[in-house]
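A quick write-up on the structure given underneath.
The values are calculated or read from the model by the stated rules, or taken from the named source; none is laboratory data. Source: prediction; values computed, not measured. Note that we place each Cβ from the backbone using ideal geometry, even for glycine, and neighbour counts take in every protein chain shown.
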Amino acid sequence: MPIPSGPRFLCRAQFQTSWTTWYIMLTLYGFFTESDFMTTMIPISIFAIVAAPLTSIHNIPHLVFWLWFHLLGFNTSNQTASLEDDTNKPDRPLPAGRITLRAAIALRWTLMPMCWALSLTYSKEVMFASMALSVFTIMYNELRGSGAHFMTRYALNGLGFAAFEAGTTLIAKDDKSHLDNAGWLAIFLSASIFATTIYAQDFRDVVGDSLINRDTIPLRFGSPSRIALLFGVVAWSLGLSWIWKLDPYTAAAFTALGAYAGWRFVEYTTVEEDRKSYFYYNVWVSVAHILPGYWRLFCAN
């Protein structure tokens with residue numbers, strides 16, 4: 001049989017190559033990480049810019065790509081280690097059939113050394129942050145820390161976010177080997193906020209979490225955990241306002257935002273409303289991540 005050739009064949013081959021490339025990018029960029037843009041990409045990118053603080057606008061694409069690449073590594077681990085997506089997020093690549101489990105596992109373990117290599121191009125300190133994230137990821141996913149005791153689950157959440165933030169914050173600087181005391185304090189506070197309030201996301205996932213017997217605060221404590229979240233967010237709002245020395249008007253607005261986000265979880269308790277409430281929680285988290293920048297701008301000198 002003659003080998004097809006000519007403009008028509010070349011056009012078809014180019015189309016197939018372009019479609020394959022687009023399909024792969026959409027799977028990696030969109031379906032593996034799209035749901036975490038509001039929870040991870042936006043607040044941590046903002047955080048790195050203000051906590052470092054940013055020393056050159058040219059560092060922004062680097063910190064955003066580093067963060068996304070590591071988020072991809074975490075999500076491939078998370079989505080290959082648990083079956084919860086079959087119920088909670090059926091549009092993700094594995095339950096949607098966009099990638100096989102075998103291919104996803106291969107991708108997951110290939111990405112880990114690639115993340116380390118990428119990080120080493122910036123500094124050994126950035127690589128240490130990447131390696132720490134890998135350890136916390138394995139503990140959370142492959143070693144089932146996410147489904148163990150709820151305190152282990154949320155502690156690993158906080159540590160994971162701290163590793164994400166340490167790497168991106170270092171990359172935001174020209175000197176990628178050093179952070180000042182304010183930068184490390186900001187990372188510690190952010191990790192603590194996530195460790196103590198990130199269970200806000202679990203209200204929307206109670207069906208899938210109950211099917212796999214995951215120990216979460218909403219499943220363990222029920223309605224009282226909603227009230228605890230409200231008080232926790234308000235307490236953090238007041239504490240951060242004091243730590244970062246906000247003026248009274250800014251502090252009042254920030255606390256009101258937190259109170260509204262927390263109140264929604266108490267007032268509206270359907271899964272659909274919990275998704276909306278989680279959006280407002282993430283708005284509050286994003287604003288909280290800007291506060292170190294407020295301190296640097298108005299109070300540091």
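Only residues that are hydrophobic (A, V, I, L, M, F, W, C) and touching a Phe, Trp or Tyr at 6+ places or on another chain (Cβ under 8 Å) were counted across segment 208-242, and they come to 6. Selection of segment 124-164 for residues being outside any helix (DSSP H, G or I) and buried (at least 18 other Cβ atoms within 10 Å of the Cβ) yields only N141. Exactly one residue out of I44, I57, I24 is at pLDDT 85 or above and either not in a helix (DSSP H, G or I) or not assigned by TED's automatic domain parsing to the domain that holds L133 (or both), and it is I57.
Considered as a group, the residues in segment 99-117 that are more than 15 Å from F74 (Cα to Cα) and either assigned to a loop (DSSP other than H, G, I, E, B) or aliphatic (A, V, I, L, M) (or both) include one that is modelled with the lowest pLDDT, and that residue is I99. Filtering segment 213-236 to residues that are surrounded by 15 or more Cβ atoms within 10 Å (Cβ to Cβ) and in contact (Cβ under 8 Å) with a residue 24 or more places away in the chain leaves R214, D215, T216, I217, S225, R226, L229, L230, G232, V233, V234, W236.
Return yes or no: is S192 assigned to a helix (DSSP H, G or I), at pLDDT 95 or above and out of contact with any Lys or Arg (no Cβ under 7 Å at 6 or more places or on another chain)? In short, yes.
The set of residues from segment 184-224 being among the β-branched types (V, I, T) and under 29 Å from F47 (Cβ atoms) comprises I187, I193, T196, T197, I198, V206, T216, I217. Do you know which of the residues in segment 279-301 that are over 23 Å from the mean Cα position of the chain (by Cα) and buried (at least 17 other Cβ atoms within 10 Å of the Cβ) is farthest from I49 (Cα to Cα)? Within segment 279-301, the match that is farthest from I49 (Cα to Cα) is W295. Among the residues making up segment 248-266, a single one is farther than 15 Å from A200 by Cα and in contact (Cβ under 8 Å) with a residue 40 or more places away in the chain: T250. Which fully enclosed helices (runs of 4 or more DSSP H) of segment 211-301 have 3 or more residues being in contact with a strand residue (DSSP E or B) (Cβ under 6 Å, 6 or more places away or on another chain) and assigned by TED's automatic domain parsing to the domain that holds G145? Here the list is empty.
For segment 207-223, the set of residues classified as under 13 Å from F150 (Cβ atoms) and among the hydrophobic types (A, V, I, L, M, F, W, C) consists of I217, L219, F221, listed by residue number.
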